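Bear in mind that the values in this text are calculations on the coordinates, not laboratory data. As the structure is a prediction and not an experimental result, all values here were calculated from the model. Positions of Cβ are generated from backbone atoms using ideal geometry, with glycine treated the same way; all protein chains shown enter the neighbour counts.
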Amino acid sequence: MASGKVTFRQERCKGCSLCVSVCPAKIIFLDESTTNIKGYHPATVTEMDRCIGCANCARICPDSIITVERN
Amino acid sequence: MAIVYQKSKGLTDVELHYCPGCTHGIVHKLVAETLEELDVLGNTIGVAPVGCSVFAYKYFNCDMHEAAHGRAPAVATGIKRVLPEHIVFTYQGDGDLAAIGTAEIVHAAMRGEKFTTIFINNAIYGMTGGQMAPTTLVGQRATTAPLGRDREHYGSPIRMSEMLATIDGAAYIERVTVTTPANIIKAKRAIKKAFQLQIAGKGFTMIEVLSTCPTNWGLTPVEALEWLNNNMVPAFPLGVFRDITAEEAK
């Protein structure tokens, strides 16, 4: 399976969770250990090795803060 | 690793003011990506409406114009007629297009004006705080219909795509939504087709996008997508309502 990598521009995340809801690998979560300048818990991924690079998250992100790379 | 998805060059770097999870941002991206792919960003003029997307002129990386409430089609008509080689689009919500601006959109379609309208239908007035719109569903609650829209009193929601599809000047009318990645891809295909038909000079084109308003619906962004699927899609069926190219091919 293809491997992917996502990067979030976290200072612009509004914590809407749409990316969380469409991730087939279910690896995106809102990082409650931190708060961005807008006051939201930003979306993040820690198990990046499970990312398949499908770009579902980036496609649905209303604020265009996600970049996806794939092998 | 190769980049497979990144922010479109069709958008400026200005932060969107929309509420968390508002689908305006998704539709902005689709329009921006389409203009980028068609390589017409330097040749496009958009017309922003009044409503939540009033600041759209700050977000699209092309020339933009603001219009009075509901009058974007009139402004776009002027721009397109003076600069016929340019790509012109309006971006309007349901309060703008289906209420105060109904006359303008109907007559722009009737005249077969060769611009594209992106119509965001979220069944409510967003910016002003969740009042009932002409597109509000029967039974749907709004600040001005606290018990839900009563058909006897306020009628039923207006279906703009179906109505405009009866007009000869319209070249392409489709209703899409952006509730899933698959639907987002379909919506982009529709938007691209509309712009391509505009470039081909076929006539008026409009893509209606069923959208959410999590804040005024009182739902989380994810719940709002589900509510849209379960309630709005049955009332506003998805599909192509007019396609002049399909008729020409017959």
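Computed values, structure above
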item: Computed over chain B: relative contact order in percent, which uses C-alpha pairs under 8 Å that are six or more apart; result: 18 percent
item: Modelled FRET efficiency - R0 35 Å, B:GLU226 with B:ASN43, Cβ distances, 0.05 increments; result: 0.35
item: FRET efficiency for A:THR46 and A:ALA2, using Cβ-Cβ distance with R0 set to 22 Å, rounded to 0.05; result: 0.65
item: Mean residue ellipticity (222 nm) of the protein assembly as shown, computed from DSSP H runs ≥ 4 via -39,500 (n - 2.57), nearest 500; result: -7500 deg cm²/dmol
item: log₁₀ of I(q)/I(0) at q = 0.07, 0.12, 0.14, 0.16 Å⁻¹ - the protein assembly as shown, Debye sum with one point per alpha carbon; result: -0.27, -0.79, -1.07, -1.34
item: Sorted by Cβ density within 10 Å, fewest first, the residues B:GLU15, B:GLU85; result: B:GLU85, B:GLU15
item: FRET efficiency estimate (nearest 0.05) - Cβ-Cβ, B:MET1 to B:VAL240, R0 35 angstrom; result: 0.40
item: For A:THR67, B:THR23, order by how many other beta-carbon atoms lie within 10 Å, fewest first; result: A:THR67, B:THR23
item: Of B:MET163, B:MET206, B:MET64, the one that fluctuates the most in a GNM where chain B has Cα springs shorter than 10 Å; result: B:MET163
item: Highest-MSF residue in chain B out of B:LEU225, B:LEU83, B:LEU30 [GNM, Cα springs under 10 Å]; result: B:LEU83
item: Around B:GLY10: net Lys/Arg minus Asp/Glu count, Cβ-Cβ under 10 Å; result: 0
item: Compactness of chain B as Cα Rg over 2.2 N^0.38 Å, two decimals; result: 0.95
item: For chain A, Cys with no neighbouring Cys Cβ under 4.7 Å; result: A:CYS13, A:CYS16, A:CYS23, A:CYS51, A:CYS54, A:CYS61
item: Cα shape, the range B:1-128, gyration tensor, a/c 1.5 rule; result: oblate
item: Simple spin-label estimate for B:THR144 and A:THR34 in nanometres, 7 Å along Cα-Cβ; result: 4.4 nm
item: Low-density loop positions, trypsin sites (Lys or Arg not before Pro), the range B:70-113 - DSSP coil, at most 15 other Cβ in 10 Å; result: B:ARG111
item: Pairs beyond 31 Å (Cα-Cα), from A:LYS5/B:LYS188; B:LYS29/B:LYS114; A:LYS5/B:LYS29; A:LYS38/B:LYS29; B:LYS58/B:LYS250; result: B:LYS58/B:LYS250
item: Values of log10 I(q)/I(0), in the order q = 0.13, 0.21, 0.23, 0.27 Å⁻¹, for the range A:4-70 under a Debye, Cα-only, solvent-free model; result: -0.29, -0.77, -0.92, -1.26
item: Restricting the range B:56-87 to chymotrypsin sites (Phe, Trp or Tyr not before Pro) in coil, as DSSP defines it, with at most 10 other Cβ within 10 Å; result: none
item: If the convex hull is drawn through the Cα atoms of the range B:130-250, its volume per residue in Å³; result: 118 Å³
item: Kyte-Doolittle mean at least -1.0 and Cα axial length at least 18 Å: DSSP H helices in chain B; result: B:24-37, B:181-199
item: Residues B:ILE199, B:ILE173, sorted so that the one with the fewest Cβ neighbours within 10 Å comes first; result: B:ILE199, B:ILE173
